[in-house]
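A.B. asks: Handing you a structure now.
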Amino acid sequence: MRQISSVDQVFAAVQQVKGSASAFATNFYPVRSKLETWIGHETMNVATAPGAAFFFRKDRDFEHLYFCAADLPTLEKELLALPQINSARLTLDLIGSEAAIQPQIDILQKAGFKAHTRLLRLSRAAQSGTVAPATALPKNFHLTVADECDSAEIMKMIETCFNPLTDQLPAMYELQDAIGDRQILTVKTERKVAAALFFETQGLTSALRYWVVAEPYRSQHLGSALMQRYFKTQDSVVRFILWASAANTDALAKYEHYGYKQDGLMDQVMTSAAITS
Amino acid sequence: MKSVAEILKEIRPEFDFTASADFMADGMLDSFDMVTLVAALDKNYGISIPGTDILPENFQNIATIETLIRRCGAALPP
C-alpha cells in the first residue's frame, strides 16, 4: 500500500482497472475538489492488484474503503487477498438500487464485512414543500452565519450527534472551509452555539449535511428557524438533497415535513470485521 | 421509446436539462444520479452501458449522453 500524492495517481489507478474491465464494479465516485483536499492532507492510500484498485481514506480511528474492479470475481479474489482485510477498521458505502448492489454485498460479506446502516437519499424541489413563515427565535437567541471561532463547538456537536462510521463526518479543515464559504448557519445564545445547519451548494443543487440542535436547547424551534433560513438563503437552488438513516423514522418524518421525499437511491454502509460496535 | 431529455425529466423533473451544457457543473446531476440514469437508459434503449463508460464526461449534457447511447448500439428517436 502506498500514499497517494496526486489526483492523477488516483485516476491512473482507476484507468488501469478500466482498461482490463469486462464488468467494471466500483463504489468510488470521486469529486476532484474533495480528492485534492484529502490528498493534500495525506489521508489517501492505494493498494493495487491485477484488475483491482483499493483506495483507503483515513478518518478518525477507521478508514473508508473504495474499490474499483474489472469484474465481481476479481473484486472477491483481491478483496480477500488484502492483508489488512481482517485487522483494519474499515467502512464502505455501496450506492444504488437494492438489486444492483446485492451482488457486491454478498462479496463483501464473504470478506467479513457486515451490513451496518442503510441510508436513503431524499430530494426536495425548491418550489415544493410547505415552509412556514420564519419562526421567531426565543429571546436572547440569534441566527447567524458561523464564524471561525465556532468551529470547535460545531465539531463537538456534530461528533456528539452523528455516527462517524456512517455519516461522513467532516475533518476540522473541511468544517473550517465550510465556515469560510458561509455554508454553516448557527443559532447562538450568549456566544454559545445552540444549533447549526451545515450545507454544501453546488450549482443548482444543495446538500444538507448536518442539522443539529444541542440537547439543552431542543423544543424551542431553533432547528425550524435554521431550516427556513437555509431555504431562503439558497434562493437559486432548484434541488435540495440529503441522506438519512432508513431506521431513523423521526428524522425521515421531519424531513418529509419540509418537503423532502425519498428519491430511490440508497447507500448500504458496510463495516469490516474489526469494527464490532 | 423516450428521448434522453424525457428520461432526464422523469428522473429530475425540477431541472430544465435542455438549458445546460454541463449538468455536473450546474449541479443538475451528481455522480450518484449517474447510477440511476444509467439504469433508466439501459432499460429504455435495451442496451447495457459498460461500467467503463460511466464517466462524468459521458453525462455532461444531452449530446454526450446521446453519443454514448449510439456507441452502445442503440438508435435514438428523431
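A.B. asks: Do we have A:K77 as touching a His at 6+ places or on another chain (Cβ under 9 Å) and modelled with pLDDT of 95 or more here?
C.D. replies: So A:K77 fails the test.
A.B. asks: Count, please, the residues in the range A:16-51 that happen to be farther than 14 Å from B:P56 by Cβ and over 21 Å from the mean Cα position of the chain (by Cα). Spell out how you get there, then give the answer.
C.D. replies: Initially, the range A:16-51 is screened for residues farther than 14 Å from B:P56 by Cβ, giving A:16-17, A:19-25, A:27, A:36-51.
Those still in the list that are over 21 Å from the mean Cα position of the chain (by Cα) too: A:16-17, A:19-24, A:47-51.
Here the count works out to 13.
A.B. asks: A further question on this structure: Please work out if A:H142 is farther than 29 Å from A:Q3 by Cα, out of contact with any Pro (no Cβ under 7 Å at 6 or more places or on another chain), at pLDDT 95 or above and surrounded by fewer than 20 Cβ atoms within 10 Å (Cβ to Cβ). Full working, then the answer.
C.D. replies: On the way: farther than 29 Å from A:Q3 by Cα: yes; out of contact with any Pro (no Cβ under 7 Å at 6 or more places or on another chain): yes; at pLDDT 95 or above: yes; surrounded by fewer than 20 Cβ atoms within 10 Å (Cβ to Cβ): yes.
When the stated conditions are applied, A:H142 passes them.
A.B. asks: Output the number of residues of the range A:154-181 satisfying the condition of being touching a strand residue (DSSP E or B) at 6+ places or on another chain (Cβ under 6 Å) and crowded, with 18+ Cβ neighbours inside 10 Å.
C.D. replies: 6
Residue-wise test of (1) free of Cβ contacts under 8 Å to residues at least 60 places away in the same chain; (2) in a loop (DSSP other than H, G, I, E, B); (3) among the hydrophobic types (A, V, I, L, M, F, W, C); (4) over 30 Å from A:Q202 (Cα atoms).
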{"site": "A:V17", "(1), (2), (3), (4)": "yes, no, yes, no"}
{"site": "A:A23", "(1), (2), (3), (4)": "yes, yes, yes, yes"}
{"site": "A:E42", "(1), (2), (3), (4)": "yes, yes, no, no"}
{"site": "A:N45", "(1), (2), (3), (4)": "yes, no, no, no"}
{"site": "A:N86", "(1), (2), (3), (4)": "no, yes, no, yes"}
{"site": "A:I95", "(1), (2), (3), (4)": "no, no, yes, no"}
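A.B. asks: Looking at (1) touching a Phe, Trp or Tyr at 6+ places or on another chain (Cβ under 6 Å); (2) surrounded by 21 or more Cβ atoms within 10 Å (Cβ to Cβ), which is the only condition A:T189 fails?
C.D. replies: A:T189 satisfies every listed condition except (2).
A.B. asks: Sticking with this one: Residues that are hydroxyl-bearing (S, T, Y), surrounded by fewer than 18 Cβ atoms within 10 Å (Cβ to Cβ) and over 27 Å from B:P13 (Cα atoms): does the range A:264-277 have at least one?
C.D. replies: Looking through the range A:264-277, at least one residue is hydroxyl-bearing (S, T, Y), surrounded by fewer than 18 Cβ atoms within 10 Å (Cβ to Cβ) and over 27 Å from B:P13 (Cα atoms).
A.B. asks: Continuing with this model, one more query. Among A:M266, A:M157, A:M227, which is the only one that is at pLDDT below 95, of a type in the set (A, V, I, L, M) and not in a loop (DSSP other than H, G, I, E, B)?
C.D. replies: A:M266
A.B. asks: For residues in the range A:25-40 being outside any helix (DSSP H, G or I) and among the polar types (S, T, N, Q), which is nearest to the other protein chains (Cβ to nearest Cβ)?
C.D. replies: Residue satisfying both the conditions and the ranking: A:T26.
A.B. asks: Let me ask another. Within the range A:149-168, how many residues are touching a helix residue (DSSP H, G or I) at 6+ places or on another chain (Cβ under 6 Å) and farther than 30 Å from A:S272 by Cα? So that I can check it myself, show each step before the final result.
C.D. replies: The first filter runs over the range A:149-168 and keeps only residues touching a helix residue (DSSP H, G or I) at 6+ places or on another chain (Cβ under 6 Å), leaving A:151, A:155.
Keeping just the survivors that are farther than 30 Å from A:S272 by Cα gives A:151.
Summing the residues that are touching a helix residue (DSSP H, G or I) at 6+ places or on another chain (Cβ under 6 Å) and farther than 30 Å from A:S272 by Cα in the range A:149-168 gives 1.
A.B. asks: Looking only at the range A:41-65, count how many residues are buried (at least 21 other Cβ atoms within 10 Å of the Cβ) and hydroxyl-bearing (S, T, Y).
C.D. replies: The number of residues fulfilling the criteria is 0.
A.B. asks: Are any of the residues in the range A:192-207 within 14 Å of chain B (Cβ to nearest Cβ), of a type in the set (A, V, I, L, M), under 27 Å from B:F15 (Cβ atoms) and under 15 Å from the mean Cα position of the chain (by Cα)?
C.D. replies: Yes: the range A:192-207 contains one or more residues that are within 14 Å of chain B (Cβ to nearest Cβ), of a type in the set (A, V, I, L, M), under 27 Å from B:F15 (Cβ atoms) and under 15 Å from the mean Cα position of the chain (by Cα).
A.B. asks: Moving on. Considering the range A:228-246 alone, what residues qualify as being over 19 Å from the mean Cα position of the chain (by Cα) and of a type outside the set (S, T, Y)?
C.D. replies: A:Q228, A:R229, A:F231, A:K232, A:Q234, A:D235, A:V237, A:V238
A.B. asks: Also, I was wondering about something else. Would you check if there is a residue in the range A:119-138 being closer than 30 Å to A:Q84 by Cα and of a type outside the set (S, T, N, Q)?
C.D. replies: yes
A.B. asks: Looking only at the range A:219-240, which residues are in contact with a helix residue (DSSP H, G or I) (Cβ under 9 Å, 6 or more places away or on another chain) and either of a type in the set (V, I, T) or within 14 Å of another protein chain (Cβ to nearest Cβ) (or both)?
C.D. replies: Those that are in contact with a helix residue (DSSP H, G or I) (Cβ under 9 Å, 6 or more places away or on another chain) and either of a type in the set (V, I, T) or within 14 Å of another protein chain (Cβ to nearest Cβ) (or both): A:V237, A:F240.
A.B. asks: Does A:A207 satisfy the criteria of being within 30 Å of B:A19 (Cβ to Cβ), in contact (Cβ under 8 Å) with a residue 12 or more places away in the chain and not in a helix (DSSP H, G or I)? I'd like the intermediate steps shown before the answer.
C.D. replies: On the way: within 30 Å of B:A19 (Cβ to Cβ): yes; in contact (Cβ under 8 Å) with a residue 12 or more places away in the chain: yes; not in a helix (DSSP H, G or I): yes.
Yes: the conditions hold for A:A207.
A.B. asks: Out of curiosity, is A:L137 in a loop (DSSP other than H, G, I, E, B), over 19 Å from the mean Cα position of the chain (by Cα) and crowded, with 18+ Cβ neighbours inside 10 Å?
C.D. replies: Here the answer is yes, as A:L137 does meet what is asked.
The values are calculated or read from the model by the stated rules, or taken from the named source; none is laboratory data. This is a predicted model, so every value here is computed, not measured. Virtual Cβ from ideal backbone geometry, glycine too; neighbours counted across all protein chains shown.
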